[in-house]
Amino acid sequence: MAHECISVFDIFKIGIGPSSSHTLGPWRAAQRFLGELEATGKLSSVTNLQVLLYGSLAKTGHGHGTDIAVLLGLCGDDPVTFDVNKINDKIDDLRRTRKMMLAGKYEIDFDPVEDIEFLFEESLPFHPNALVFLVAFADGDKRAATYYSIGGGFVVQEGEIGGGGSSVDLPFPIDTARQLLQFCIKTGFSISELVMENELAWRSEAETRAGVLNIWRVMQECTYRGCHTTGELPGGLKVARRAAALNKKLLKGRTYTDYNSWIEAIRAGGAHFTYTLDWVSCFALAVNEENASFGRVVTAPTNGAAGVIPAVLQYYIAFCDGLHDDRIMQFLLTASEIGSIFKKRSTISAAMGGCQAEIGVSSAMAAAALTECLGGSQRQVLMAAEIAMEHHLGLTCDPIGGLVQIPCIERNTMGAIKAITASQLALQSNPELAKVSLDAVVKTMWDTALDMNSKYKETSDGGLAVNIPISLSEC
Ligand code: SF4
């Protein structure tokens, strides 16, 4: 089988909340579908279009905004650049007029209520997140195209494999933690240095650096915005945003004017254990409240778990070593390689593996990244990732009302704290004595995913989703 090449920009993708698999992935699928119609010269002759959502996309699609994402994708909008403040108006307009400007160019009749079908009881065998585009053309021709949103915003078309990045010749092809360690030993590179060598197969170091720092900029803006936005989250659960109030409380009147002076104001509060702990929670809550509000976030490796990595990185900046671009690079490159190993050897899709695949993986990524930035050896970095995942094994996905809010938002605070604990444990340990390897825990996560009842795989058919008296119709 061909080696799956996954770049740092496949793991970290700029998009719009609330879900990488149920929002960003379907959006990308719609974009790909349009691209294929354009390539065959048939886009301008579309007369009729229908979208079928299967399995988990149907069951939690309303709460995750899957229909909205598909509509925006079909309209030719891009999740990286589309103004999130215009989503509601655009969707309302489309619902009212029942007209769609396909790819922003060709007007067709399209009634979102009739033409997007949620097939709650049907699932396609390859993956629980399937969507099918049925299209008819002016010449009477018809076509069906099936896509799968396989987690973290990755999309594959029926018959494709992998869903990773473009195929390149990597100097260090890595599928397992063992291979990663062997390459590091052989070359003397740190994990982030080795990842950078691989990234050079796609683009120059300067381009990679600019791209990674842009990812960080989006994470930073998202956290800052989330810490300064009040109100209720959309969707009907009436969940109050908490990050802004916590931010205010922790700062005790200290003033600031921008991100940098905000970090200084945070630092000025000292480093007491509970103060630090509260800030880690505040950072994570902020990102995931933005995510739940259709805000601009970075998949890390998914949207539901988008708060863990920014929270741990901002903990590092505020309480460990300050803000340095080199450290940001080190942090995000290391994290991406760990996410890539989980993607290749297990899954980063909650519809396949429950929340261990989202919060568990993000926690492992953050633990490894923090450990490298704090001076840990390559073995300690891998050990930190292993510890973080080991204590997320079996974590189920059971979002109430199908919304990425409860337990998702708080769960990011837990993932971040476990990452910091795992990193500290690894830094205080001799990894030669570890009984469990990262590869063993990756395999265990996959075995657990296979054994997990589908009720706990992003279907909202089990767990908290059925034990809290709120029905989807109320949302
Ligand atoms: S419970 Fe976990 S996996 Fe499921 S939607 Fe929430 S964050 Fe994602």
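None of the figures in this text is laboratory data; all of them are computed from the coordinates on show. Everything numeric here is computed off the predicted structure, so don't read it as measured data. Reconstructed Cβ throughout: ideal geometry from the backbone, glycine too, with neighbour counts over all protein chains shown.
Which of rounded, prolate or oblate describes segment 16-157 when judged by the alpha-carbon gyration tensor and an a/c cut-off of 1.5?
Rounded, since a/c falls under 1.5.
Over segment 177-467, what is the relative contact order in percent, taking alpha-carbon pairs closer than 8 angstrom and at least six residues apart?
Reported as a whole number, the value is 20 percent.
Return the sequence-ordered ³J(HN,Hα) values of segment 314-329 in whole Hz as given by the Karplus equation 6.51 cos²θ - 1.76 cosθ + 1.60 applied to θ = phi - 60°, using x for Gly and Pro.
Each residue of segment 314-329 in turn: 6, 4, 4, 5, 7, 10, 10, 9, x, 9, 9, 4, 4, 6, 4, 4 Hz.
Taking only the alpha-carbon positions of segment 236-307 and ignoring solvent, what does the Debye formula give for the base-10 log of I(q)/I(0) at q = 0.11, 0.18, 0.22, 0.28 Å⁻¹?
Cα-only, vacuum Debye calculation for segment 236-307: -0.31, -0.79, -1.04, -1.25.
How large is the helix-only mean residue ellipticity at 222 nm for the chain, computed as the sum of -39500 (n - 2.57) over DSSP H runs with n ≥ 4, divided by its residue count, in deg cm²/dmol to the nearest 500?
-15000 deg cm²/dmol, from helical runs alone.
Residue separation times 0.36 nm, minus the C-alpha to C-alpha distance between CYS320 and ALA245: what's the value?
Between CYS320 and ALA245, full extension yields 24.6 nm more.
Report, in whole Å, the centroid distance computed from the Cα atoms of segment 68-114 and segment 10-66.
Using only Cα atoms to place each centre, the spacing works out to 12 Å.
To make sure I understand the rule: partners must be lysines, Cα under 18 Å from the Cα of LYS249, and not fewer than 8 residues away in the same chain. Which ones qualify?
Partners found: none.
For GLU107 and LEU433 in one chain, what is 0.36 nm times their gap in residues minus the Cα-Cα distance, to one decimal in nm?
Net length gain for the segment: 110.9 nm.
For the pair LEU450 and TYR275, what calculated FRET efficiency results from E = 1/(1 + (r/R0)^6), where r is the Cβ-Cβ distance and R0 = 51 Å, to the nearest 0.05?
It comes out at approximately 0.75.
Each label point is 7 Å from the Cα along the Cα-to-Cβ direction; what then is the distance between the points at HIS228 and THR187, in nm?
Spacing of the two 7 Å Cα→Cβ label points: 4.0 nm.
Below 22 Å, Cα to Cα, which lysines can LYS443 reach? Residues fewer than 8 away in the same chain don't count.
Reachable lysines: LYS343, LYS344, LYS418, LYS435, LYS455, LYS457.
Inverting the mean 1/r over all pairs of different Cα atoms, compute the Kirkwood radius of segment 177-467 and quote it in Å.
19.0 Å
Taking the mean number of other Cβ atoms within 10 Å as a proxy for protection, how do you rank 119-125, 62-68 from highest to lowest?
Averaged packing, sorted descending, gives the order 62-68, 119-125.
Mind checking the angle between helix 408-427 and the chain's longest principal axis? C-alpha axes, 0 to 90 degrees, to the nearest 10.
For helix 408-427, the angle is close to 30 degrees.
Find how much the distance from GLU38 to GLU205 grows on full extension, using 0.36 nm per residue of separation minus their present alpha carbon separation; answer in nm with one decimal.
Stretched fully, the GLU38-GLU205 segment lengthens by 56.8 nm.
Hey, with R₀ at 30 Å, roughly what FRET efficiency would ASN48 and LYS86 work out to, going by the Cβ-Cβ distance, to 0.05?
0.65
Excluding same-chain pairs closer than 8 in sequence, count the lysine pairs in segment 73-205 whose Cα atoms lie under 24 Å apart.
Lysine pairs meeting both conditions in segment 73-205 amount to 6.
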